[in-house]
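**Q** Got a structure for you, questions after.
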Amino acid sequence: MTASPEGKTAAVGADPVHICLIAGEHSGDHMGAQMMKALRRRLGDKVRFSGIGGAEMTAEGADRGFESFFPMAELAIGGIFEILPHVPRVLRRVRETAERVRALRPEVLLTIDSPAFAFRVGRKLKGSWIPHVHYVAPTVWAWRPRRARIIAGFLDHLLTIFPFEEPYFSKWGLASTFVGHPAADLELDKGDGARFRAAHGLTAEQPLLCVLPGSRRSEVTKLLPIYGEVVARLGGRFRDLAVVVPTVDTEQEARDVVKWAYFPPMGSRSQGGGPAFDPAMWGGVPGGYRQTINDNLVVIVMIETLEGLKNAEAIAAVPGITAVFAASGDLGNFTG
């Protein structure tokens, strides 16, 4: 169904339903791909897609017309100091996206999280008679509650991931539907930790650490050095520590992981790569550990995107990477 300026609805008819989906970062890309999959199950070949997304949305929607308006990576920035240099470009993309959606006239616009971008697009489309549904409600129950009233002015419907969120928006006239948290579909509680360890040559007693430095490049750049110091200290205390890093997409990202996770003994390592050993990072760690941490640390990287799969061989060849595997379900196995 689509809305007309008179406020009436018209049947879509035999033509495929056109849904425009907009995601701004990796988590939204995953949610968008799952939404596409669900819509295809329900509508079959009577649906087509457009919008902005990453590798997952492109893989799921390519045969239904989906091609990202521009690379989603342009929107995956965070932090005031990281955003400021990109403000002119982002605002230009907001304008371009609104113009593109207005020209395409989809039956519905579905924006996924990333409110800084999605809501600016939505405000520009107000009065266009294109229904705007947003997936993942702003956390008005935690801070800045006045946002509920603001978004009620331009959104037509809200898909919430927590059951208690509806009243915060309905009081301002914004209808919402609880659809559940996307993490529930990952079945992280059904992981097989023993299988994961066996697959990667890890003993049942070996300490295993999962490091999650974020999905935005700015997050990873800031957090990796801090996480690296933590891993180095832990590596000194637990000589056979294994580190799992989901995920890397490029050879350079793999090399960055090795730089902080695989520390050379006393200033050099024959394999090359990685910074010189800095005793100051280790505090009171016994000297013997400094000589052996290099030989005992295991670094496993996980690939979960199409870009990562294309670069898998190069990633696996990086000195210091112990193992590479591809399968989103393995994160659940790690936690099991």
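**Q** Which number in (1) touching a residue at least 12 places away in the same chain (Cβ under 8 Å); (2) on the phi < 0 side of the Ramachandran plot marks the one condition that Gly173 misses?
**A** Against the list (1) touching a residue at least 12 places away in the same chain (Cβ under 8 Å); (2) on the phi < 0 side of the Ramachandran plot, Gly173 comes up short only on (2).
**Q** Another question, if that's okay. Just one of the numbered conditions (1) surrounded by fewer than 19 Cβ atoms within 10 Å (Cβ to Cβ); (2) out of contact with any helix residue (DSSP H, G or I) (no Cβ under 9 Å at 6 or more places or on another chain) is not true of Arg95; which one?
**A** (2)
**Q** If you check Thr139 against the conditions, is it out of contact with any helix residue (DSSP H, G or I) (no Cβ under 6 Å at 6 or more places or on another chain), assigned to a loop (DSSP other than H, G, I, E, B) and among the β-branched types (Val, Ile, Thr)?
**A** Against the criterion (out of contact with any helix residue (DSSP H, G or I) (no Cβ under 6 Å at 6 or more places or on another chain), assigned to a loop (DSSP other than H, G, I, E, B) and among the β-branched types (Val, Ile, Thr)), Thr139 qualifies.
**Q** State yes or no: is Gly28 touching an Asp or Glu at 6+ places or on another chain (Cβ under 7 Å), surrounded by 13 or more Cβ atoms within 10 Å (Cβ to Cβ), in a loop (DSSP other than H, G, I, E, B) and modelled with pLDDT under 95?
**A** Judged against the criteria, Gly28 is not a match.
**Q** Right, here's the next one. Can you name every residue in region 34-74 that is assigned to a helix (DSSP H, G or I) and small (Gly, Ala, Ser)?
**A** The answer is Ala38, Ala55, Ala59, Gly61, Ala62, Ala73.
**Q** Can we say Leu155 is outside the structural domain of Ile130 (by TED's automatic domain parsing), in a loop (DSSP other than H, G, I, E, B), within 17 Å of Met35 (Cβ to Cβ) and touching a strand residue (DSSP E or B) at 6+ places or on another chain (Cβ under 8 Å)?
**A** Answer is yes for this residue.
**Q** So, in region 170-192, how many residues would count as being surrounded by fewer than 11 Cβ atoms within 10 Å (Cβ to Cβ) and assigned to a helix (DSSP H, G or I)?
**A** 3
The values are calculated or read from the model by the stated rules, or taken from the named source; none is laboratory data. Since the structure is predicted, the reported quantities are computational estimates derived from the model, not experimental observations. FYI the Cβ positions are ideal-geometry reconstructions off the backbone, even for glycines, and counts take in every protein chain you see.
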